[in-house]
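**Student:** Sending over a structure as structure tokens; questions will come in a sec.
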Amino acid sequence: MRTAFSALTRARTALLDLQNPDGGWGPRRDSPSFTETTSLAVLALPESVEASERGRGWLRARQRPDGAWPVSEAVAGPSWMTSLAVLALTGSATDSARARRGAAWLLQLEGRGYPLLARAFLLLFPRRRVVALNPDLKGWPWVPGTFSWVEPTAYAMLALKRMRDALPPEPLRERLDQGRRMLLDRACPGGGWNYGNSEVLGDVLWPYPDTTAWALLALQGGGARPVEVQEALSALARMIERNRSGLARSLAILALGAYGVDVERYRERLAERLSQVEAFGDVRALALAATALDSTRHPFQLPVSDAA
Amino acid sequence: MRRREFLGTTARAVAGTALLGATGCRPGKPKWGPSAYRRPARSTVAVLAAEDYGGPLEEIVRRGIGLCGLEPRGLKVVLKPNFVEYDPHGVVNTHPAVLRAAIDAFRGLGASEVVVAEGAGHRRDNEYLLDATGIGGILRETGTRFVDLNVDVTRAVRLPTRFTDLGSLYLPESVLGADLLVSLPKLKTHHWAGVTLSLKNMFGIVPGSIYGWPKNILHWAGIGDSILDINAALRITRFNLVDGIVGMEGNGPIQGDPRHSGVLVFGADPVAVDATSARLMNIDPRQVSYLRQAGEFLGNIDPARIRQAGENPERYAQDYAVLDSFRGLKLPTRATSG
């Protein structure tokens, strides 16, 4: 416990040291600020920290007129990182309108389905499917106009669940339900999630800890726990016995913790790994480590009312 | 084409136009103009024997570089291996021993800087990926900097060719600013594109932070078409080194089976290197749509325009297994000429 606490202090200090003069955080030291890393750093720091407010300021200044956020100042189109910016701003009363506009943009965004010709072919030859997934279930894409994938779908579901009270109930319910079904449809045999498919050309794909953790966070609540969620929790616990990376351990702590699993021993292991995480210099991993090491708050855990 | 092959091809085309984009190249007006034309009169490709990963690889790499007439002294070199994913039971990635040999060889030949750069196509956890693949250990041992191209500083580059409708792409400054870009792919079959070699390896320079994991926008735009547009946009000096010591056959690029070929393939012209590498897998490069089109303007696939140095490639040709729907790509015999 003591190790985890001192590691938390160290992780936060390292994160503060990596903040850019413009208030944002880039993927690495001295790299231009990204919406993703800035949002994760804001979420990792207590709101009272001045650096957190400067991070929110960076986000406020970069929101696009359509409500979405870009990848960075230099890459200005609407991006999947919008979900994380919404999550970073939901806690602040002064930013609620911005978060609502971001969530509204997410609500209208959906992954692209198969074209008519492809659908007709699969109807005629269902056994000729190349990937084992239901293409009619649409989640969220990385890039508007492309297919749905696990990670952006999980981010969008988390953000929309957080913003539940500010959004029209019926389209929200429909999108969240379809997103949930899409994630369950893409689960790997044996539990967990790959980046988006469970099988290609008859060969089974294996799950990743990070995508599995995000999918689990997105699937919080919703009544009875589906078997896919139960299997994923077991698979995630198994995966981090082999995968020692800071990112995998941090996300596993956040996901397992959100489901009530005792994660103290994982926190201790993450604390032991923190030097490598710092040395590797991946700001995203460091921000998630700082979040996971904090046993007093969990920005990705949904209250029961939001999770349903 | 038999019914089974036809249905397999159509199924892939379905996935191509939906999940994965069109895999072929569209007919119509020429997709490239004189500004994109880069085909040399003749290209040198060296095939050198390398029985296993424990051999004197640095020496072999130096020899390959020399046979192709490359002089790296004073150049800022970016080595772009292929490590898209990790499978403890597979041979997905460029072997770390080959990467190590390339780092040592280019440094030994006087490169002013050598960095390793990749934007993994599936995994976002580089701390894990570098550790699991053994590449992280090589980087530490050699004191080599790694650049994650998925989150590198980018610049919008107008595509000089029109195989896709993308028009422009954000590409990483670390690659665009290099004096020499070295593609270090694995010798592999590919379940959508037929083969994945030096040219296809350039998908790894497209930043995932902008285009996602996998780089799905390229799939929607068409894999073959995207390969052509990206490679035509890279107006920097190129070199290519294919890890064909153990390649991958069947359901590549991730889930195929290992196949020992015992070679490294070198050359400055990625099209000629890929054509020779395809022939080493007993695949006719003229039947691989993107390679055939690349052979019209980016480089050479015609054996008459390729000067083979080092070993006789025919000695090392192996009949790599391909998916049913790619049987049409195979050369009629194991001969590598043609």
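**Student:** Here are A:Leu122, A:Leu172: which of them is away from chain B (no Cβ under 12 Å) and either open to solvent by 20 Å² or more (accessible area, probe 1.4 Å) or in a helix (DSSP H, G or I) (or both)? I'd like the intermediate steps shown before the answer.
**Tutor:** On the way: A:Leu122 fails: away from chain B (no Cβ under 12 Å).
Matching residue, one of A:Leu122, A:Leu172: A:Leu172.
Rundown of residues vs (1) farther than 28 Å from B:Pro207 by Cα; (2) assigned to a loop (DSSP other than H, G, I, E, B); (3) of a type outside the set (A, V, I, L, M); (4) more than 10 Å from chain B (Cβ to nearest Cβ), yes/no style:
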| residue | (1), (2), (3), (4) |
| --- | --- |
| A:Glu110 | no, yes, yes, yes |
| A:Ala118 | yes, no, no, no |
| A:Leu137 | no, yes, no, yes |
| A:Leu158 | no, no, no, yes |
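**Student:** Among (1) in contact with a helix residue (DSSP H, G or I) (Cβ under 9 Å, 6 or more places away or on another chain); (2) more than 14 Å from chain B (Cβ to nearest Cβ); (3) part of a helix (DSSP H, G or I), there is one condition A:Glu47 misses while meeting the rest; what is its number?
**Tutor:** It fails just one condition, (3).
**Student:** Can you tell me which residue in segment B:228-253 is nearest to the chain's Cα centre (by Cα), limited to those that are within 14 Å of chain A (Cβ to nearest Cβ) and open to solvent by 10 Å² or more (accessible area, probe 1.4 Å)?
**Tutor:** Across segment B:228-253, the extreme among qualifying residues is B:Pro253.
**Student:** Can you tell me how many residues within segment B:26-81 are under 26 Å from B:Asp302 (Cα atoms), part of a loop (DSSP other than H, G, I, E, B) and either small (Gly, Ala, Ser) or open to solvent by less than 40 Å² (accessible area, probe 1.4 Å) (or both)?
**Tutor:** 8
**Student:** Residues B:Ser174, B:Ser198: which one is away from chain A (no Cβ under 14 Å) and either in a strand (DSSP E or B) or under 20 Å from the mean Cα position of the chain (by Cα) (or both)? Please lay out each step first, then the result.
**Tutor:** Details: B:Ser174 fails: away from chain A (no Cβ under 14 Å).
The conditions single out B:Ser198.
**Student:** Within segment A:22-61, can you find the residues that are among the charged types (D, E, K, R) and surrounded by 22 or more Cβ atoms within 10 Å (Cβ to Cβ)?
**Tutor:** A:Glu36, A:Arg56
**Student:** Out of all the residues in segment A:217-232, is one or more open to solvent by less than 70 Å² (accessible area, probe 1.4 Å) and within 12 Å of another protein chain (Cβ to nearest Cβ)?
**Tutor:** no
**Student:** Evaluate the following for A:Ala237: is it in a helix (DSSP H, G or I), within 14 Å of chain B (Cβ to nearest Cβ), farther than 14 Å from A:Ala187 by Cβ and under 19 Å from the mean Cα position of the chain (by Cα)?
**Tutor:** So A:Ala237 does not fit the description; no.
**Student:** What residue, of A:Leu84, A:Leu133, is outside any loop (DSSP other than H, G, I, E, B), within 13 Å of chain B (Cβ to nearest Cβ) and in contact (Cβ under 8 Å) with a residue 12 or more places away in the chain?
**Tutor:** A:Leu84
**Student:** Given the condition within 11 Å of chain A (Cβ to nearest Cβ) and closer than 27 Å to B:His89 by Cβ, answer yes or no: does some residue in segment B:182-191 qualify?
**Tutor:** Taking every residue of segment B:182-191 in turn, at least one turns out to be within 11 Å of chain A (Cβ to nearest Cβ) and closer than 27 Å to B:His89 by Cβ.
**Student:** If you go through segment A:182-201 one residue at a time, do you hit one that is open to solvent by 40 Å² or more (accessible area, probe 1.4 Å), outside any loop (DSSP other than H, G, I, E, B), among the charged types (D, E, K, R) and in contact with a Gly (Cβ under 9 Å, 6 or more places away or on another chain)?
**Tutor:** no
**Student:** Moving to a separate point now. Tell me whether segment A:247-257 contains one or more residues that are touching a residue at least 24 places away in the same chain (Cβ under 8 Å), open to solvent by 10 Å² or more (accessible area, probe 1.4 Å) and not in a helix (DSSP H, G or I).
**Tutor:** The answer is no, given that none of the residues of segment A:247-257 is touching a residue at least 24 places away in the same chain (Cβ under 8 Å), open to solvent by 10 Å² or more (accessible area, probe 1.4 Å) and not in a helix (DSSP H, G or I).
The values are calculated or read from the model by the stated rules, or taken from the named source; none is laboratory data. Fair warning: this is a prediction, and the values are worked out from it, not measured in the lab. Note that each Cβ is placed from the backbone with ideal geometry, even for glycine, and that neighbours are counted across all protein chains shown. Calculation scope for accessible area: heavy atoms of the full protein, side chains included, ligands and nucleic acids excluded. Shrake-Rupley method; radii C 1.70, N 1.55, O 1.52, S 1.80 Å.
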